[in-house]
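A short worksheet on the structure shown next.
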Ligand code: 5CA
């Protein structure tokens with residue numbers, strides 16, 4: 001892609017409510033545009049990042065055996081009346097009437113709908129366990145949407161649902177998701193802490209929020225620093241190891257507000273190990289047994305002949321929120337650096353362009369074509385502006401590899417920024433060398 005062709009509405013004018021870095025930066029770099037309070041359009045740059053995050057979330061869900069499907073955004077109110085949540089959900093639910101006067105709603109979550117789908121086809125323990133997920137827009141009429149896409153009204157969520165015969169097996173499903181979440185966040189280069197949490201309007205008795213540390217976060221974090229010593233590589237994907245993993249994490253103090261007790265915290269953790277800060281909730285998992293399967297009559301035949309309500313859990317990741325969360329975690333000193341796995345482009349070519357001398361641009365074009373032929377997603381900054389303005393722009397855009405052509409370099413030399421020893425660097429070096437020779 002040529003920068004001159006990219007739809008990238010950079011802006012310096014920020015609305016007064018853009019208080020945190022990620023919100024400001026996403027607006028400045030034209031990743032998103034607000035269309036109504038708490039409702040955003042995703043412009044090409046932002047959309048690309050979100051899609052890459054979505055793909056990582058998807059791959060890690062598939063790895064643990066969850067199956068992807070897609071449920072609609074609009075749901076019938078009937079199933080919510082069956083579960084009893086239609087009234088309980090209150091003002092946060094966007095309620096709609098269709099032309100026949102039927103009550104509909106824009107889904108804030110999908111426990112009811114997935115249970116309805118499940119009960120109509122699965123009748124026997126022989127079909128269990130199952131894990132299903134979708135990645136779909138949700139709507140919650142948040143009383144105070146803020147921080148851009150971090151707390152908005154329409155947002156993109158991965159929500160998964162597990163179905164098991166009994167509590168023990170359901171907890172194994174829970175553990176698999178626990179494992180999957182930690183691996184997902186690791187691939188996004190985020191250190192997420194699983195914190196014991198309340199279940200709120202979803203319900204249930206076992207729940208963890210996955211929180212990344214950030215001063216601008218809305219969640220309070222109370223944790224023991226030693227939790228970061230746990231290494232994911234030490235756990236295998238089998239039931240015993242997964243159970244051990246959750247227990248090991250739970251053995252360190254890490255709780256959200258509702259579970260926090262000051263005396264306990266101060267007694268249990270040495271002063272120097274206390275983490276007392278803010279964080280961003282990027283995922284939330286719940287085990288709630290038969291909270292939905294019972295009222296919705298989602299029963300299966302038990303091996304001993306009885307009919308039992310399936311035991312369920314639900315598991316959410318804020319895919320759109322993660323875009324902002326990554327920015328909050330990675331932005332330092334006016335310089336952004338996307339994790340390589342989700343960067344909008346893999347590498348940017350920055351030629352110093354001079355009207356009387358097109359040599360740098362020609363050289364850049366040559367490299368551009370070769371990178372393209374190697375399937376590297378490259379951006380070529382072909383805009384005619386001075387090099388320091390270019391550098392400023394790319395510090396904000398945050399593409400992790402830059403090749404600078406003609407600024408400090410003399411003759412055939414090229415300058416790299418951000419050198420790493422990995423596959424893409426080797427390919428880049430190879431291409432650069434063939435061009436030089
Ligand atoms: N049904 C359950 C799990 S599937 C559920 O809805 N959980 S949740 O309410 O905790 O939401 C899951 C994740 O969605 C959160 O961890 C958060 O990352 C994201 N999220 C929730 N509300 C918003 C919002 N208003 N704006 C952006 N992301 C949100």
Next on the checklist: If a residue must be buried (at least 21 other Cβ atoms within 10 Å of the Cβ), more than 10 Å from the ligand (Cβ to nearest atom) and under 15 Å from residue 246 (Cα atoms), how many such residues does segment 197-231 contain?
Outcome noted: 1
Next on the checklist: I'm trying to understand the selection: among the residues of segment 135-152, which are in contact with a helix residue (DSSP H, G or I) (Cβ under 9 Å, 6 or more places away or on another chain), closer than 21 Å to residue 181 by Cα, near the ligand (Cβ under 10 Å from one of its atoms) and assigned to a strand (DSSP E or B)?
Outcome noted: 151
Checklist entry - Is it the case that some residue within segment 309-328 is in a strand (DSSP E or B), more than 9 Å from the ligand (Cβ to nearest atom) and more than 21 Å from residue 202 (Cα to Cα)? => result no
Item to check | Set 337, 291: member being assigned to a loop (DSSP other than H, G, I, E, B), out of contact with any strand residue (DSSP E or B) (no Cβ under 7 Å at 6 or more places or on another chain), touching a residue at least 40 places away in the same chain (Cβ under 8 Å) and within 16 Å of the ligand (Cβ to nearest atom) | outcome: 291
Checklist entry - Among the residues of segment 213-227, how many are within 21 Å of the chain's Cα centre (by Cα) and either in a loop (DSSP other than H, G, I, E, B) or modelled with pLDDT of 95 or more (or both)? => result 5
Checklist entry - What single numbered condition from (1) at pLDDT 95 or above; (2) farther than 30 Å from residue 378 by Cα fails to hold for residue 57? => result (2)
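Quick one: in segment 258-283, which of the residues that are outside any strand (DSSP E or B) and within 16 Å of the ligand (Cβ to nearest atom) is surrounded by the most Cβ atoms within 10 Å (Cβ to Cβ)?
Restricting to residues being outside any strand (DSSP E or B) and within 16 Å of the ligand (Cβ to nearest atom), the top hit is 259.
For residue 182, state whether it is under 28 Å from residue 93 (Cβ atoms), away from the ligand (no atom under 11 Å from the Cβ) and either in the same structural domain as residue 61 (by TED's automatic domain parsing) or in contact with a strand residue (DSSP E or B) (Cβ under 6 Å, 6 or more places away or on another chain) (or both).
Spelling it out, it is not the case that residue 182 is under 28 Å from residue 93 (Cβ atoms), away from the ligand (no atom under 11 Å from the Cβ) and either in the same structural domain as residue 61 (by TED's automatic domain parsing) or in contact with a strand residue (DSSP E or B) (Cβ under 6 Å, 6 or more places away or on another chain) (or both).
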Checklist entry - Of the residues 371, 349, 365, which is in contact with a helix residue (DSSP H, G or I) (Cβ under 6 Å, 6 or more places away or on another chain) and not in a loop (DSSP other than H, G, I, E, B)? => result 349
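Go through 328, 346, 334 for me and flag whichever is within 30 Å of residue 3 (Cα to Cα) and surrounded by fewer than 18 Cβ atoms within 10 Å (Cβ to Cβ).
Testing whether each residue is within 30 Å of residue 3 (Cα to Cα) and surrounded by fewer than 18 Cβ atoms within 10 Å (Cβ to Cβ) leaves just 334.
The values are calculated or read from the model by the stated rules, or taken from the named source; none is laboratory data. In this text, all values refer to a predicted model and were calculated from it rather than measured experimentally. Using ideal geometry, Cβ is built from the backbone for each residue, glycine included, and neighbour counts are taken over all protein chains shown.
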